[in-house]
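The values are calculated or read from the model by the stated rules, or taken from the named source; none is laboratory data. Computed from a prediction, not measured in an experiment: that's the story for all the values here. Please note: Cβ atoms are built from the backbone with ideal geometry, for glycine as well, and neighbour counts cover all protein chains shown.
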Amino acid sequence: MALAGESTLITLVLIAVYFVVLLGIGVWASKKIKSSEDYMLAGRSLGFWLFTLLIVCSICSGMTLVGTSGFGFASGWPGIWEQIFVPLSAAFCIIFFGSKLNKIGRKNGCMTVVDYFSLRYENTRELRALSALASIAVSLVYLVGQYTAISIVLIWVFGLEHWQALLIAGVIITAYTVIGGLYAVSWTGLVQGLILIFGVILVAPFILTYAGGLEHINTVLATIDPNLVMPWFPSGSTAAYAYCTPEYLFSFGVLLIVGLACAPHVLSNVFAARKTSYFKWAPIVAFLIYLVIMLLVKLCGMAVRSMQADGLLAGVVPEGGKVADFALMYGIQAASPSILITGLFAVIVLSAVMSTTDRLMLTVGTTFSWDIFKTMLRPKASERQVVLVSQICVLLAAVISLILAINPPEMLAFLIWLGIGLMLSAFAVPMIAGLYWRRATAAGAISSMLIGLITCLAFGAYYNFVEKLPMHFSIYSLACSIAAMVIVSLITKKNSEKALDLTYTGMYLHPKDKPNSLTEESKE
Amino acid sequence: MILGLPDITVFAVGGAILLCIILLLIWGFTFPEEKEE
């Protein structure tokens, strides 16, 4: 399964260079950190490209390369919608949350999503504690999945033991994240993003050409199963197909577009952009960049399926080996004309996985240090102490998720989907209602968050242990969360007009510069 | 049939991508210009 001999040596050198660059960025970034705002939000100074790539990289996880190609391998064209939904989540996040949150953050000093909740809903304790804990728990579930994906790559490259692979990756990522905060995460994200974009564009043609071109791939897929070239699987079909029926795809779309956009590690990025004017073209740029990468990777997954049918993977796949999980790796191993390309490919996959992992760890660290330590436990803590607590938490997040990843739960794939489902069920309704519905109240937000979390776990367990549902289980918990928000908000007292104006609450996308209440206050 | 794909797949997937691009372009072109502080 692992690469061998000379190939390993070249790959090792490439990966070593890559790691040295990342650590170098971490050391450089650490010199720029003077305050907690620098550590958490890179001093709100990210330029257009840094911000746009940070959003793409935060969403672009281990699943993007390892999972997407595996999904393409297994389900062909009906799975292609994932490649539209995930890039759309970046655009959705910037359009529906970015413009308002960035401005609110700048004017009111909000550093995290939890800060926003507390300002908008005028509730500092219960909502803050609940959303901070939910954010940390969901990020940790997601982190375990990311570390496992990193380990898959390193095992493939070096034939290392799982724990050795985890330790190497864990030490490198933790080092630059702990010392460099968001400066390091965003600049390494830029490097990782560029490697990913140009790498995939460079590598994918080899696989597609080796498989015989797109037309041949589609013809072979249609011979294996005519449904593999259709836009979706027929409704009410057997369980093996159930995840790509039109109704399931609808729920999948909501889950990915809205759920990922609400994920704390993605959403927090909008606070760090230097100007709101970046949100003009960032949605389409992020969408197109991600669309191209994801489409190519998905097509590679389909190409590997066709290669397998044509017997082109002989000698690459070990006997009895599962092809889906390693589809892209086997594809490049079989198709690559040069060991240099294979080495480069290892760096590309690592870039994709590491770019989400560092952001997730930083989110756990900052959520605890700012939302729990600074705001709830020690309001008088100095900037230095807050940064120190952040750093310790990033370290702890790494240790905990690495320990969990050493023995990854058997239901890892399910846990990752559960993680995104929980993000959707817990954060989507309080966030959207908070920004666009003036009647939404703190009690409504707390109940929608709690009911969303509980019903998501319940429907998830039902889906996993009792019977499959026609749609993704998170869509049912989202409906419960919406109902809780509407009912509880309508029977509780509305928030003050001042808080609503300060947080630009209302049915509009572009916040006006001077909210009424502020103007009136300044007149007084 | 284009590239070995049935027409419905080409129209559904291609149409969805085009629609997204058009909507995002509309967002960009209608974005209000304002003075940055």
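Points to keep in mind about this one:
- Residue within the stretch A:433-448 that is without any contact (Cβ under 8 Å) to a residue 40 or more places away in the chain, crowded, with 18+ Cβ neighbours inside 10 Å, closer than 26 Å to A:LEU509 by Cβ and of a type outside the set (Asp, Glu) present: no
- Top-ranked residue in the stretch A:266-297 [being within 11 Å of chain B (Cβ to nearest Cβ) and touching a Lys or Arg at 6+ places or on another chain (Cβ under 7 Å); ranked as surrounded by the most Cβ atoms within 10 Å (Cβ to Cβ)]: A:THR276
- Screening the candidates A:PHE414, A:PHE373, A:PHE427 for the property of being buried (at least 22 other Cβ atoms within 10 Å of the Cβ) and part of a helix (DSSP H, G or I) yields one hit, A:PHE427.
- Selection status of A:GLY170, part of a helix (DSSP H, G or I), in contact (Cβ under 8 Å) with a residue 24 or more places away in the chain, crowded, with 24+ Cβ neighbours inside 10 Å and among the small types (Gly, Ala, Ser): no
- Candidate set from the stretch A:195-204 (those that are touching a Ser or Thr at 6+ places or on another chain (Cβ under 9 Å) and either within 14 Å of another protein chain (Cβ to nearest Cβ) or not β-branched (Val, Ile, Thr) (or both)); member that is farthest from A:MET354 (Cα to Cα): A:GLY199
- Condition met for A:ALA261 (more than 10 Å from every other protein chain (Cβ to nearest Cβ) and among the small types (Gly, Ala, Ser)): yes
- Considering the stretch B:1-20, and only residues there that are within 7 Å of another protein chain (Cβ to nearest Cβ) and either of a type in the set (A, V, I, L, M, F, W, C) or in contact with a strand residue (DSSP E or B) (Cβ under 6 Å, 6 or more places away or on another chain) (or both), the residue that is surrounded by the most Cβ atoms within 10 Å (Cβ to Cβ) turns out to be B:LEU5.
- Residue match in the stretch A:240-248 (condition: over 21 Å from the mean Cα position of the chain (by Cα) and within 13 Å of chain B (Cβ to nearest Cβ)): yes
- In the stretch A:301-339, the residues that are under 22 Å from A:LEU14 (Cβ atoms) and not in a loop (DSSP other than H, G, I, E, B): A:PHE326, A:ALA327, A:LEU328, A:MET329, A:TYR330, A:GLY331, A:ILE332, A:GLN333, A:ALA334, A:ALA335, A:ILE339
- Enumerated helices (runs of 4 or more DSSP H) restricted to the stretch A:199-290, each holding at least 2 residues that are free of Cβ contacts under 8 Å to residues at least 60 places away in the same chain: A:213-224
- Taking the stretch A:23-103 as the region of interest, the helices (runs of 4 or more DSSP H) fully inside it that hold 2 or more residues being more than 14 Å from chain B (Cβ to nearest Cβ) are A:36-41, A:48-59, A:68-75.
- Output for the stretch A:21-49, where each listed residue is touching a strand residue (DSSP E or B) at 6+ places or on another chain (Cβ under 9 Å) and either over 26 Å from A:LYS374 (Cα atoms) or β-branched (Val, Ile, Thr) (or both): A:GLY47, A:PHE48
- The single condition among (1) within 14 Å of another protein chain (Cβ to nearest Cβ); (2) under 15 Å from A:LEU299 (Cβ atoms); (3) of a type in the set (A, V, I, L, M, F, W, C) that A:MET230 does not meet is (2).
- Test: residue in the stretch A:114-134 that is in contact (Cβ under 8 Å) with a residue 60 or more places away in the chain, among the basic types (Lys, Arg), more than 14 Å from A:ILE403 (Cα to Cα) and part of a loop (DSSP other than H, G, I, E, B): yes
- Filtered by the rule that a residue be part of a helix (DSSP H, G or I) and closer than 13 Å to A:LEU422 by Cβ, the stretch A:458-474 gives A:ALA458, A:PHE459, A:GLY460, A:ALA461, A:PHE473, A:SER474.
- When A:LEU424 is tested against (1) modelled with pLDDT of 95 or more; (2) within 25 Å of the chain's Cα centre (by Cα), only condition (1) is not met.
- Matching option when the condition is within 14 Å of chain B (Cβ to nearest Cβ) and surrounded by 23 or more Cβ atoms within 10 Å (Cβ to Cβ), among A:ILE217, A:ILE207: A:ILE217
- Of all the criteria given as (1) surrounded by 19 or more Cβ atoms within 10 Å (Cβ to Cβ); (2) within 14 Å of another protein chain (Cβ to nearest Cβ), the one not satisfied by A:ASP225 is (1).
- The lone exception for A:SER151 - which of (1) crowded, with 24+ Cβ neighbours inside 10 Å; (2) within 30 Å of A:SER277 (Cβ to Cβ); (3) at pLDDT below 85; (4) not basic (Lys, Arg) it fails: (2)
- Candidates A:THR356, A:THR366, A:THR342: the one that is more than 14 Å from chain B (Cβ to nearest Cβ) and under 16 Å from the mean Cα position of the chain (by Cα) is A:THR356.
- Residue check: A:LEU469 meets all listed conditions (1) over 22 Å from A:ALA433 (Cα atoms); (2) at pLDDT 90 or above but one, namely (2).
- Answer residue from the stretch A:470-486, given it is without any contact (Cβ under 8 Å) to a residue 40 or more places away in the chain and surrounded by fewer than 17 Cβ atoms within 10 Å (Cβ to Cβ) and is farthest from the chain's Cα centre (by Cα) among those: A:ALA483
- Residue within the stretch A:292-300 that is in contact with a Pro (Cβ under 8 Å, 6 or more places away or on another chain), under 30 Å from B:ILE22 (Cα atoms), in a helix (DSSP H, G or I) and of a type in the set (A, V, I, L, M) present: yes
- Residue satisfying all of: in the stretch B:21-33; at the interface with chain A (Cβ under 7 Å from one of its Cβ atoms) and more than 15 Å from the chain's Cα centre (by Cα); nearest to A:PRO234 (Cα to Cα) among these: B:PHE31
- Being of a type outside the set (Lys, Arg) and either surrounded by fewer than 20 Cβ atoms within 10 Å (Cβ to Cβ) or closer than 30 Å to A:SER131 by Cα (or both) holds for only one residue in A:ALA327, A:ALA335, A:ALA314, and it is A:ALA314.
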